[in-house]
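Student: Please find one structure pasted underneath; my questions will follow.
The values are calculated or read from the model by the stated rules, or taken from the named source; none is laboratory data. What you see is a predicted model; the values in this text were computed from it and never measured. Every residue, glycine among them, receives a Cβ derived from its backbone with ideal geometry; neighbour counts consider all protein chains shown.
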Amino acid sequence: MEKLKTVYKKHEKDDKTDFAGAVGINPCRRHRLLYLYRLSSMKKINYRHYIAITITIGFVACWLLFPNALGRIIESVRDFGLSVAYYFCEIFGIDHTITPMVNEFPKIPFFDFFPSAPAPSPAPSVPIPDTFDGFKGKWFAYWQLWATKDNFLHYLYTLGNGLYYFSFFLLIFLPFVLIVGLLFRRCLKTQNNDRNKESKPLRAFKRLSDVIYRPVKRWVAGFIGFLVEHPLYLKIWAGIWAFYFNIFTIAVEFIAFYLYFVVSFDFLNIYRQIYKLFLDLWAVIDFLPLWVLILVGFFIFNHICRNIAYTELYHRERCNRGFINERGVVTVVYGEMGAGKTALITDMALSAEVQFRDQAFEIIIECDMKFPNFPWRNFEDELKAAFAAHEVFSVPSCVKWLRKKFVVWRNAPCRENCFNYDFERYGLEYDNKLYIINLWQVLKDYACAYLVYTVQSSLLISNYSIRTDNLISDLGNFPIWDCDFFKRDSRLIDSFSHRAHILDFDMLRLGKTMLKNNPNRNAFGFGVYVISEIDKERKNAPELKDVKADSENCNQKNDLFNVLLKMSRHACVVANRVFVKVFADLQRPESLGADARELGEVVYIRENSEAAVTLPFFSPFYFFELAFLGVNAKFISPYVQYNHNRGDSMLFLYLIKNIVAAMQHRYERVNNTFGSTTMYLQLESGRMDGIPKERKYYRQDKKIWSSRYATDCLSGIFDERAAVNTVGIDDLRAYADRVARNDELKYQNSHFQNEINELKSKTT
């Protein structure tokens, strides 16, 4: 068969080929073998295609349920054409006799001029009248009827019936609930040590689940994945039902009425358009059952709420970026232990990185607009080649590279030496009414900004690990960054994450360096520098009283660290924008020397609010949250008691636990996605004088807690000690009584206790 397939593929288009002879088989078997081959080829097709095609055919057959859809789309196209013609005639003052039909009622049934056709469905009966006067009349009649005695009595009658059926429901099902509750309480009091043993009902349930539920779930998930891989089916289905539900008609009719309205200002017929909208939507309302409409409404409502929540998150992020923009180059954060100092500087660093890319992008666009006819693509291509050759890797190297280009052009000014720019036609200067800017100055700004913008690694340099997840889309032309913190898929973190660069403190030293001839000592440039526990690195004057500046070794007094920070804003300025930020944290501002502290502002974390979600109607009045908190509170106590008394597993607890767990997962994911904490800050100058300024900063959970950093970022200090340790907490000596004995005090190895013992020995 394999030989048959190979030869057939080779000769299937050649009718003169002796196929049977070529494969060495009897000619009488040729057609049967060809049929088998083609059948085997068909089997290679994913069977889900046949299912999708069958569903498509079924959807097409549903056309019989919507006989007015075709007529309405034809009418809408007619109305659109007449409105377009009417619009242009009115705009340009052309005499015409065009009568727009967009205000006419739909002709339903539309195809009644076919006498032999089956009787079409009549026009739908919508709950509103066809005229505004009729609507007003029914509106007033409604309120008159609402205030009558008969209506109130009917309301009480309906309410009584509802209570009756509800009571009937309770009388039927309440005994079962009570019986299940009593049995469960009995199970709670039953003790056993059958560890990991499952009850017979639970085992039967799992076997049934393995046979029915899990295969169905896997198949449905596989079919959904198939549709995602083949979106054409989804588009066809959406188009079919959009046609049946008059979605296309509504869109075309809206445009037709808009064109008519902007030249006629016919306010009197707006109600008629609302009535026509109800007529078109009635195809959906009448076809779908009430529970489906409620479900669709819920999803639409949830979608709207999520959009509002994301909008609020983005707004708060913009507020945070405004706060960062107001700060200088150096910002020091302090507060009590656990106040969130490291979280704050990490959060600000992540936003500052995005700001640097945004600022670089702004410079690129500004330069582009100054010389709109310059071949920027040629310029970018040469820049990319310089990046790849490591000729350009920093702002100074970028300036150096462009200076070489300028010298070549100056010696031989031609288009080839100016990136093929027609400077004789378009000029070499730009007047901004402040000063004249030369093309090569603009190229310098563009090149430096393009370098900052296109660096694909993180712009963070820190003394602890920080994860970034900015994504760049590069199709070979101009790249675009996606810096959305709030819509990242947590399951794909490893695929798009970058880590901050390791901070070599020698980069920040203008004087002596820790490592002689360190290749990184001159690498200070654009980027966001993040330093946790900077006071432990730099110390204050009392702690450095014995440190000598003339020491041969590198120390805080001869490394000129503070001098570099004082001049850091000059390290990378592009188009009057500074691309250097330093964020640091400490516990006490006095722990850092005044010379370093006074370089910038000091931020004190005064208070943190309780975390709250930005999702509307979720907290504190959203039903789901109340239901979850109530169910969870009722579940935890019996669950703990069950685990205390029993070691086995039973079906009822298995089902309840999975329901509560599903609710907990939903609750946790909503809080992690839309959770936000307001940090109340006090701003002071580094001199710690003046009246502190009160400001707010929003810490967004999705942004800062998505595995960005480890709160125990300095735990590596203790790893070596832990590797050789053999003593646990149970091995430590405990006090024998209410008051510690003298030998127990000596066991503390305390400086204070040693001083007391020394005094005792001297007095005795």
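Student: Working only within the range 503-522, note down all residues that are in contact (Cβ under 8 Å) with a residue 40 or more places away in the chain and either under 20 Å from residue 706 (Cα atoms) or in a loop (DSSP other than H, G, I, E, B) (or both).
Tutor: Of everything in the range 503-522, those that are in contact (Cβ under 8 Å) with a residue 40 or more places away in the chain and either under 20 Å from residue 706 (Cα atoms) or in a loop (DSSP other than H, G, I, E, B) (or both) turn out to be 503, 509, 510, 511, 512, 513, 514.
Student: Continuing with the same structure: Say whether the condition of being of a type in the set (A, V, I, L, M) and under 30 Å from residue 102 (Cα atoms) is met by at least one residue in the range 182-202.
Tutor: no
Student: Show the residue pairs meeting these rules: Cβ distance below 6 Å; 6+ apart or different chains; first residue within the range 641-654 and of a type in the set (Lys, Arg) and in a loop (DSSP other than H, G, I, E, B); second residue at pLDDT below 85 and surrounded by fewer than 16 Cβ atoms within 10 Å (Cβ to Cβ).
Tutor: Sorted first by the residue in the range 641-654, then by its partner, the pairs are 646/192.
Student: Tell me which strands (runs of 3 or more DSSP E) are completely within the range 426-502 and hold 1 or more residues being in contact with a strand residue (DSSP E or B) (Cβ under 8 Å, 6 or more places away or on another chain) and among the hydroxyl-bearing types (Ser, Thr, Tyr), or say none if there are none.
Tutor: On the way: elements: 429-431, 436-438, 460-462, 471-473, 480-482.
It comes to 429-431, 460-462, 471-473.
Student: Tell me yes or no: at least one residue of the range 561-568 is closer than 30 Å to residue 442 by Cα and assigned to a loop (DSSP other than H, G, I, E, B). Walk me through it before giving the result.
Tutor: Filtering the range 561-568 for residues closer than 30 Å to residue 442 by Cα gives 564-568.
Still in the list and also assigned to a loop (DSSP other than H, G, I, E, B): 567.
The answer is yes; a qualifying residue exists.
Student: Right, another one. Tell me yes or no: at least one residue of the range 394-403 is assigned by TED's automatic domain parsing to the domain that holds residue 697 and in a strand (DSSP E or B).
Tutor: No.
Student: Can you tell me which residues in the range 627-676 are among the basic types (Lys, Arg) and more than 27 Å from the chain's Cα centre (by Cα)? So that I can check it myself, show each step before the final result.
Tutor: Here is the first cut: in the range 627-676, the ones among the basic types (Lys, Arg) are 634, 646, 657, 666, 669.
Result: 634, 646, 657.
Student: From (1) more than 27 Å from residue 134 (Cβ to Cβ); (2) at pLDDT below 90; (3) among the small types (Gly, Ala, Ser), pick out the condition that doesn't hold for residue 309.
Tutor: Every condition holds for residue 309 apart from (2).
Student: Can you list residue pairs whose Cβ atoms sit under 9 Å apart, with the first residue in the range 192-212 being under 17 Å from residue 652 (Cα atoms) and the second being assigned to a helix (DSSP H, G or I) and hydroxyl-bearing (Ser, Thr, Tyr)? Count only pairs 6 or more apart in sequence or on different chains.
Tutor: Close Cβ pairs satisfying both conditions: 198/654; 199/654; 202/654; 205/654; 206/654.
Student: Of the residues 551, 609, 591, which single one is under 24 Å from residue 682 (Cβ atoms) and out of contact with any strand residue (DSSP E or B) (no Cβ under 8 Å at 6 or more places or on another chain)?
Tutor: 591
Student: If residue 608 satisfies all but one of (1) modelled with pLDDT under 90; (2) touching a Gly at 6+ places or on another chain (Cβ under 7 Å); (3) buried (at least 17 other Cβ atoms within 10 Å of the Cβ); (4) more than 30 Å from residue 565 (Cβ to Cβ), what's the number of the condition it fails?
Tutor: Unmet for residue 608, out of (1) modelled with pLDDT under 90; (2) touching a Gly at 6+ places or on another chain (Cβ under 7 Å); (3) buried (at least 17 other Cβ atoms within 10 Å of the Cβ); (4) more than 30 Å from residue 565 (Cβ to Cβ): (4).
Student: Out of the residues in the range 195-234 meeting the condition of being outside any helix (DSSP H, G or I) and surrounded by fewer than 12 Cβ atoms within 10 Å (Cβ to Cβ), tell me which one is modelled with the highest pLDDT.
Tutor: 195
Student: Output the qualifying pairs, or none if there are none: Cβ atoms under 8 angstrom, residues six or more apart or on different chains, first residue in the range 402-427 and closer than 20 Å to residue 451 by Cβ, second residue part of a helix (DSSP H, G or I) and among the polar types (S, T, N, Q).
Tutor: Close Cβ pairs (under 8 Å, with a partner that is part of a helix (DSSP H, G or I) and among the polar types (S, T, N, Q)) amount to 405/417; 419/378.
Student: Continuing with the same structure: Just give me the residues in the range 568-602 being surrounded by fewer than 18 Cβ atoms within 10 Å (Cβ to Cβ) and closer than 13 Å to residue 525 by Cβ, in sequence order.
Tutor: 569, 570, 573, 578
Student: Separate question: What is the residue count in the range 552-569 for residues that are touching a residue at least 24 places away in the same chain (Cβ under 8 Å) and farther than 24 Å from residue 529 by Cα?
Tutor: Number of matching residues: 1.
Student: Within the range 332-346, identify whether any single residue is in contact with a Gly (Cβ under 7 Å, 6 or more places away or on another chain) and closer than 28 Å to residue 708 by Cβ, and answer yes or no.
Tutor: Yes: one or more hits.
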